[in-house]
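Notes to accompany the following structure.
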Amino acid sequence: MLKRYPLLIVMLILGYLFLYMPIVSLVIYSFNESRLVTVWSGFSTKWYVELFNNKPLLNAAATSIKIAALNATAAIVLGTLAALALVRFRQSRGHKSLGVMVTAPLVMPEVIIGLSLLLLFVAMEDLIGWPQGRGLTTILLAHITFSMAYVTVVVQSRLAHMDRSIEEAALDLGAKPLKVFFTITLPMIAPSLLAGWLLAFTLSLDDLVIASFVSGPGSTTLPMVVYSSVRLGVSPEINALATIIIAIVSTAVLIAGVIMYRQEMNKQKRL
């Protein structure tokens, strides 16, 4: 088909260049010897050395990774439970209300989410004394709030198209519902859980607006540090850090893709 329509090839190439050339440029200039990120003066890895000596930047990166991992794990648990409720209990009272509340964070501006959560945390602190101040806890709770909505949508689509006859057969043979869930349902939706975890992790690691509202002293995340640095001029250390993150994320996505591909192949073999 592509041979018959060369314009499609040209548009495809232009699309990929538009998406990935800035990333390629960032990676190349992370090895630039000059401090000016737009002027190439020779190959060097000194900015990676400078990066590992930059304690505030590394601490912010460690904080963001910690929050992202905890957020993704909690979002998977809560999002899966919400997806089960939306798919398996369609006739129950409050089903439509739950669906609206789950999808609301997907379309709501981040500024509104951040401001509303800030007001909520302040009111909770006045009423029950928790959470005390703004910090890692408030950032984590805020990230879970909007991340679980994305996880719910991903897992819900997988549950909606899953063949329930296997679960019904196990129940007819005497298996308990909880055992059916862990031995049959959970492995069948595992690819969507992995995809949801990666999506929640990425959303948390990338968030700037919401974290700016609910963070406090000593809880600065990586996007906040990068944004503050960029306003004063892009540092080559930022390019080096971004290159490392790109390598880690690309590796994780590749591994997840291989796992999902193997599971799909094994499923086709069983059929």
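The values are calculated or read from the model by the stated rules, or taken from the named source; none is laboratory data. In this text the structure is predicted, and so the values were computed from the model without any measurement. In this analysis, Cβ positions are derived from the backbone assuming ideal geometry, glycine residues included, and neighbour counts consider all displayed protein chains.
Within the range 125-157, if we keep just the residues that are loosely packed, with under 15 Cβ neighbours inside 10 Å and among the aliphatic types (A, V, I, L, M), the residue that is farthest from residue 67 (Cα to Cα) turns out to be 127. Counting only helices (runs of 4 or more DSSP H) that sit wholly inside the range 1-106, those with at least 2 residues that are closer than 25 Å to residue 226 by Cβ, in contact with a Phe, Trp or Tyr (Cβ under 8 Å, 6 or more places away or on another chain) and not aromatic (Phe, Trp, Tyr) are 55-88.
Looking only at the range 218-271, residues that are among the aliphatic types (A, V, I, L, M) and closer than 30 Å to residue 189 by Cα come to 15 in all. When residue 120 is tested against (1) assigned to a helix (DSSP H, G or I); (2) farther than 23 Å from residue 203 by Cα, exactly one condition is not met: (2). Checked against (1) within 15 Å of residue 240 (Cβ to Cβ); (2) surrounded by 10 or more Cβ atoms within 10 Å (Cβ to Cβ), residue 43 meets all criteria but (2).
For the range 97-110, a residue qualifies if it is more than 22 Å from the chain's Cα centre (by Cα) and surrounded by 11 or more Cβ atoms within 10 Å (Cβ to Cβ), and exactly one does: 98. List every residue pair whose Cβ atoms lie under 6 Å apart, where the two residues are 6 or more positions apart in sequence or sit on different chains, the first residue falls within the range 229-240 and is under 12 Å from residue 49 (Cα atoms) and touching a residue at least 60 places away in the same chain (Cβ under 8 Å), and the second residue, located anywhere, is surrounded by 21 or more Cβ atoms within 10 Å (Cβ to Cβ) and of a type in the set (Phe, Trp, Tyr). Within 6 Å, the pairs are 236/47; 237/47; 240/47.
Checking each residue in the range 179-220 for being under 30 Å from residue 160 (Cα atoms) and among the small types (Gly, Ala, Ser) picks out 190, 192, 195, 196, 200, 204. Test residue 187 against the criterion of being over 30 Å from residue 20 (Cα atoms) and at pLDDT below 85, and give yes or no. In short, no. Residues that are surrounded by 13 or more Cβ atoms within 10 Å (Cβ to Cβ) and free of Cβ contacts under 8 Å to residues at least 60 places away in the same chain within the range 82-94 comprise just one, 85. Considered as a group, the residues in the range 46-73 that are under 12 Å from the mean Cα position of the chain (by Cα) and buried (at least 21 other Cβ atoms within 10 Å of the Cβ) include one that is farthest from residue 137 (Cα to Cα), and that residue is 72.
Residue-level check: of (1) without any contact (Cβ under 8 Å) to a residue 40 or more places away in the chain; (2) among the hydroxyl-bearing types (Ser, Thr, Tyr); (3) surrounded by 14 or more Cβ atoms within 10 Å (Cβ to Cβ), residue 261 misses just (3).
Each residue in the range 75-116 was checked for being among the acidic types (Asp, Glu) and either more than 19 Å from residue 143 (Cβ to Cβ) or at pLDDT below 85 (or both), and 0 pass.
Only one entry in 225, 234 is within 30 Å of residue 33 (Cα to Cα), out of contact with any Phe, Trp or Tyr (no Cβ under 6 Å at 6 or more places or on another chain) and buried (at least 20 other Cβ atoms within 10 Å of the Cβ), namely 225.
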